[in-house]
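Inspection log for the structure reproduced underneath, given as structure tokens.
Each reported figure results from applying straightforward, stated rules to the coordinates on display, with no laboratory input. Everything numeric here is computed off the predicted structure, so don't read it as measured data. Heads up, the Cβs are rebuilt from the backbone with ideal geometry, glycines too, and the neighbour counts pull from every protein chain shown.
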Amino acid sequence: MLFTAPTPTDRDLAFLEEISEYRSRLRWQLHEPKRWTGSLRRLSFARNIQGSNSIEGFVAGLDDAAAVVARQDPISLDEATRQALVGYREAMTYVLQMSDDDDFNY
């Protein structure tokens, strides 16, 4: 954490409770869409992996990138490229999971 937050006062807690009540009443207007699932999400993720790693010199076909996303063995990748794609997949998965974590601060 970059700094330590002060202990909330009774006034702070009352204000937070008021915000929570507003949030409950407005939840239909504040609806967050569900994460993508299925083939569209996997294909988009595979294209991101393919494009980002090609910048670094690790060239992979879309089929191989899709296999990495699905945690399957790619058909035509050398070991260094496979490791680069797997590393990118793991890093992006971690970042996406942390973005919803209440304790994650930057």
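Values as computed for the structure displayed
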| quantity | calculated |
| --- | --- |
| Residue in region 57-106 that is surrounded by the most Cβ atoms within 10 Å (Cβ to Cβ), counting only those that are outside any helix (DSSP H, G or I) and among the β-branched types (Val, Ile, Thr) | 59 |
| Residue tally, condition of a type in the set (Lys, Arg) and within 13 Å of residue 43 (Cα to Cα), over region 59-101 | 1 |
